[in-house]
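Asks: Please find one structure pasted underneath; my questions will follow.
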Amino acid sequence: MDNDPFALDAMCAMISAVSKDFHVMWGTGSPAVAIEHCHNPHTRPDALVLDMALGGKKHGR
């Protein structure tokens, strides 16, 4: 999950390239959509990778 579509595409590609055992089920820039997927037993991931600055704010700078 990342609010930047280019970063999301890159992250999905990198995760898929790491191992054939890793499968990206879905990607989204919306926290609400991610929550829906996580609550659905058919789309619930084993692991969720997300951007820590979804609101676009840079902290500490």
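Asks: Is there any pair linking a residue in segment 33-48 that is under 20 Å from Asn3 (Cβ atoms) to one that is in a loop (DSSP other than H, G, I, E, B) and open to solvent by 100 Å² or more (accessible area, probe 1.4 Å), with Cβ under 6 Å and at least six apart or on different chains, and which?
Replies: Correct list of pairs: Cys38/Arg44.
Asks: Quick check on this structure: which one of Met25, Met14 is in a loop (DSSP other than H, G, I, E, B) and open to solvent by 40 Å² or more (accessible area, probe 1.4 Å)?
Replies: Matching residue, one of Met25, Met14: Met25.
Asks: What are the residue pairs meeting all of these: first residue in segment 19-31, first residue within 15 Å of Ala47 (Cα to Cα), second residue assigned to a loop (DSSP other than H, G, I, E, B), Cβ atoms under 6 Å, and 6 or more apart or on different chains?
Replies: Between residues of segment 19-31 that are within 15 Å of Ala47 (Cα to Cα) and residues that are assigned to a loop (DSSP other than H, G, I, E, B), the close pairs are Met25/Pro45; Thr28/Met1.
Asks: Could I ask something else about it? Restricting the search to segment 38-57, which residues are modelled with pLDDT of 90 or more and closer than 18 Å to Met11 by Cα?
Replies: Passing the criteria: Pro45, Asp46, Ala47, Leu48, Val49.
The values are calculated or read from the model by the stated rules, or taken from the named source; none is laboratory data. If you're wondering where the values come from, they're calculated on a predicted model, not measured in any experiment. Don't worry about glycine lacking a Cβ; one is built from the backbone with ideal geometry, like all the others, and counts go over all protein chains shown. Heads up: the accessible areas ignore ligands, DNA and RNA and are worked out on the full protein's heavy atoms, side chains in. Shrake-Rupley method; radii C 1.70, N 1.55, O 1.52, S 1.80 Å.
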